[in-house]
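Heads up: the structure comes next, in structure tokens.
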Amino acid sequence: MGGEPLLLLALDLAGTCAFGLNGALTALRTVLLDIVGVITLGLITALGGGIIRDVLLGDLPPATFHDLRYLAIAAAGAFIAFLLGRRLDRIAKWILVLDAAGLSVFAVNGASKALDFGIGPVQAVILGAVTAVGGGTLRDVLIGQIPSVLRTGLYAVPALAGASVTVIADALEVYSWPAALVAATACFLLRLAGVRFRLNAPSPPGMRRPA
Amino acid sequence: MGGEPLLLLALDLAGTCAFGLNGALTALRTVLLDIVGVITLGLITALGGGIIRDVLLGDLPPATFHDLRYLAIAAAGAFIAFLLGRRLDRIAKWILVLDAAGLSVFAVNGASKALDFGIGPVQAVILGAVTAVGGGTLRDVLIGQIPSVLRTGLYAVPALAGASVTVIADALEVYSWPAALVAATACFLLRLAGVRFRLNAPSPPGMRRPA
Amino acid sequence: MGGEPLLLLALDLAGTCAFGLNGALTALRTVLLDIVGVITLGLITALGGGIIRDVLLGDLPPATFHDLRYLAIAAAGAFIAFLLGRRLDRIAKWILVLDAAGLSVFAVNGASKALDFGIGPVQAVILGAVTAVGGGTLRDVLIGQIPSVLRTGLYAVPALAGASVTVIADALEVYSWPAALVAATACFLLRLAGVRFRLNAPSPPGMRRPA
């Protein structure tokens, strides 16, 4: 990660903070937890996807165990959510935007790291998506909800798209930080469009989605 | 896996396909998911057990990340389930048979791979069973159900039996593909007998199982 | 673990047995499971935390796969719970004390092992706590309950305290088995005090905990 521009690092940290905040907010909204539970759930949401990716790549201990900045900023996000709680509802839109940034950077970085480890292209796309949605999936399982990634294509499809652009850029040998930004932007816009227009992936033939 | 006969490979792929199909069908039956959710759940059911095994053995990235055939056939099974849905109820018996084949081959291959990594016999039996039931357990956790392996001995006992035969054959130095077939057949018949006669493992003294 | 005194080993095994017993009792109390389910849940409760720690440290296969004593004593604890069931309610206090011993030794051993692998101090504290509460968390997820560690600070705070004392002793270069006993005792007393006086970590401002 040494040579990456500050912009990507800033996005990565912003995304981690947003994931931490979002995980903690989910905790506050769905189940009443004390501060330990709220911070724990924030950390798991923010760091879980990267940890699952690193376990699957065999890059252990996971990267987030080496770089304390991620742990710190995820905990900071969760702590803000714990303090402000429902008053954050007013800025819910901005949290959603930050969360989409996190999803995008995680998908691109996840796919890129998988390629660095010599993983094939299809698997790298999947690992990128796993990095992006893994933390939220752990969060949902822990609070007893069916993971968002299973219920709506809104999460997985943008992540798969961002990871795919990354892998294609790598195959064309044009992957560098501008390509990473393009890939992340594709994921970001797709995610926001999905939220805005309530897009969904196709449902099984003959079934209707619940309202 | 180089020298193994086509028959074992075919069974392994058939089992993977059946697990993918079964996981996707479970998704369709219990919760309404879109195509991303159905395929995701099918993949996790089919590949999850092997991935857990490889994580525990430290053989990373997991084998399913090297061999795209498993990913492809698991996705194919899940996609068939997505397209046909409840119309597959008519061939439910055959899916159950394929699923039992998957359980059997996974248990035997899992135990055999664990022995290759120098794991002790008791642990190899456990890892074989984990390989066989791990994917279904992840599936059940993700859709908010208590895993089948906890609720009924019908899954774990045949898997433990198949893995045990594998480990015993290895200890007697007669393990080869015919022994693998015997071990898988033992698991397969036990599983089908369990389904047919509704066999169960003993319940706690003084308690009756729910109907 | 070669040079550790018998006392620490005995506590570790006693804690493992208590965790196995406790996991199995939880299974019996919340859901009706057969013997396979009860033993499985006991094993996961007793060994899950250490396995998660070893996966994150990349020390694979996990230590519990090398040393059959842990597997055996966890299974023994679970089997006792299966046989005696609710009659164990009479000695519930003693099980709680053993369980607190397990939490304490797991937190200290987990943090100590993390330091041995060159993990930073903050991360070692977290890994110690993960070792202590990981098994119970897996158990709760598998039976569809929100993990205790999220619902009450009673578990995580003592584990974090015990792991912190361990890490501080290591930083001061005075870590040895007496320091380990001090760290474990700190966790143990905090846990028992928490249970006795129903202490809790702070709740979000403006919210009250459910009764």
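The values are calculated or read from the model by the stated rules, or taken from the named source; none is laboratory data. What you see is a predicted model, and the numbers here were worked out from it, not measured in a lab. Methodologically, a virtual Cβ is constructed for each residue, glycine included, from the backbone with ideal geometry; neighbour enumeration extends over all protein chains shown. Heavy atoms of the whole protein, side chains included, go into the accessibility calculation; ligands, DNA and RNA do not. Shrake-Rupley method; radii C 1.70, N 1.55, O 1.52, S 1.80 Å.
Here are some notes:
- Reduced Cα scattering model of chain B, Debye log10 I(q)/I(0), q = 0.15, 0.18 Å⁻¹: -0.91, -1.28
- Summarising the label geometry, the points placed 7 Å from Cα in the beta-carbon direction at C:Leu6 and B:Leu189 lie 5.0 nm from one another.
- Averaged over residues, the count of other Cβ atoms within 10 Å places the peptides A:156-168, C:85-97 in the sequence A:156-168, C:85-97, highest first.
- Farthest towards the positive end of the charge dipole of the protein assembly as shown, among the residues C:Leu190, A:Ala179, C:Leu9, is the Cα of C:Leu190, using unit charges on the Cβ of Lys, Arg, Asp and Glu.
- Residues in region C:77-101 that, when all protein chains are in place, have 10 Å² or more less accessible area than the chain alone would give (probe 1.4 Å): C:Phe82, C:Leu83, C:Arg86
- Using C-alpha pairs under 8 Å with a sequence gap of at least 6, the mean separation divided by the residue count of chain B gives a relative contact order of 23 percent.
- Chain B and chain C together bury an accessible surface of about 2200 square angstrom, both sides counted, with a 1.4 Å probe and no ligands or nucleic acids included.
- Debye log10 I(q)/I(0) for region B:65-105, one point scatterer per Cα, at q = 0.14, 0.23, 0.28 Å⁻¹: -0.39, -0.88, -1.02
- Candidate cross-link partners of B:Lys113 among the aspartates and glutamates, defined by an alpha-carbon separation under 12 Å and a same-chain spacing of 8 or more, comprise B:Asp54, B:Asp59, B:Asp170.
- With contacts taken as Cα pairs under 8 Å and at least 6 residues apart, region C:1-66 reaches a relative contact order of 27 percent.
- Accessible area per residue in Å² at 1.4 Å probe, computed on the protein assembly as shown: 42
- For the protein assembly as shown, calculated [θ]222 nm from helices alone, where every DSSP H run of n ≥ 4 adds -39500 (n - 2.57): -25500 deg cm²/dmol
- Chain C - percent of accessible surface contributed by carbon and sulfur, probe 1.4 Å: 68
- Shielding of peptide A:151-157 by partners, expressed as the average count of other chain Cβ atoms within 10 Å per residue Cβ, is 4.
- For region C:26-43, residues shielded by at least 40 square angstrom of accessible area compared with the chain on its own, probe 1.4 Å: C:Leu32, C:Leu33, C:Asp34, C:Val36
- Label-zone membership for region C:26-48, site C:Asp89, 7 angstrom Cα→C-beta point, backbone N under 16 Å: C:26-32
- Ordering of A:177-186, C:10-19 by packing is C:10-19, A:177-186, highest average first (other Cβ atoms within 10 Å, averaged per residue).
- The residues of region C:52-72 listed by number as losing at least 40 Å² of accessible area in the complex, against the isolated chain and with a 1.4 Å probe, are C:Val55, C:Leu56, C:Leu60, C:Pro61, C:Phe65, C:Leu68, C:Leu71.
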